[in-house]
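Single-structure report; data block below.
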Amino acid sequence: QVHLVESGGDLVQAGGSLRLSCAASGINFRFALMSWYRQAPGKQRELVANINSAKSTNYADFAKGRFTISRDNAKNTVYLQMNSLKPEDTAVYYCNAQNIAQEYWGQGTQVTVSS
């Protein structure tokens with residue numbers, strides 16, 4: 001059974017930083033495309049960043065220059081370092097894993113940025 005467990009969400013002031021973690025189990029992690037999405041109240045879920053098995057990365061425009069995605073295949077964990085946080089970054093952040101034809105989601109972790 002696949003499990004994706006996010007952690008690291010918190011309440012932080014604008015300009016602050018957070019590091020989110022997503023620990024995966026039950027999948028062939030090193031070959032999975034790992035992504036972070038977010039969903040703010042009343043808005044659709046949107047891609048934040050992803051990282052493939054070769055550690056190539058892709059970022060949404062709003063994340064470029066502020067967020068960094070990385071992965072540790074030895075720990076089956078993907079990270080999202082978020083710097084210079086803004087109130088508009090407030091959302092539930094979800095971890096996503098894609099492996100061949102299957103896709104999995106974590107339960108989400110709340111990030112709240114106060115102004």
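The values are calculated or read from the model by the stated rules, or taken from the named source; none is laboratory data. None of these values were measured; they are calculated from a predicted model. Here the Cβ positions follow ideal geometry from the backbone for every residue, glycine too, while neighbour counts run over all protein chains shown. The accessibility values were calculated without ligands, DNA or RNA, using every heavy atom of the protein model including side chains. Shrake-Rupley method; radii C 1.70, N 1.55, O 1.52, S 1.80 Å.
Report the residue count in region 92-115 for those that are at pLDDT below 95, open to solvent by 90 Å² or more (accessible area, probe 1.4 Å) and either part of a strand (DSSP E or B) or under 15 Å from Q81 (Cα atoms) (or both). Number of matching residues: 1.
Only one of the listed residues (K86, K64) is open to solvent by 80 Å² or more (accessible area, probe 1.4 Å) and within 17 Å of Q110 (Cα to Cα). That residue is K86.
Filtered by the rule that a residue be among the β-branched types (V, I, T) and touching a Phe, Trp or Tyr at 6+ places or on another chain (Cβ under 7 Å), region 1-26 gives a lone residue, V2. Taking the conditions (1) more than 21 Å from S114 (Cα to Cα); (2) out of contact with any Asp or Glu (no Cβ under 6 Å at 6 or more places or on another chain) in turn, V92 satisfies each one other than (1). Within region 20-42, the set of residues being under 19 Å from N58 (Cβ atoms) and out of contact with any Leu (no Cβ under 7 Å at 6 or more places or on another chain) comprises F29, R30, F31, A32, L33, M34, R38, Q39.
The set of residues from region 19-45 being part of a strand (DSSP E or B), within 14 Å of V78 (Cα to Cα), in contact (Cβ under 8 Å) with a residue 60 or more places away in the chain and not aromatic (F, W, Y) comprises R19, L20, C22, A24, L33, M34, S35.
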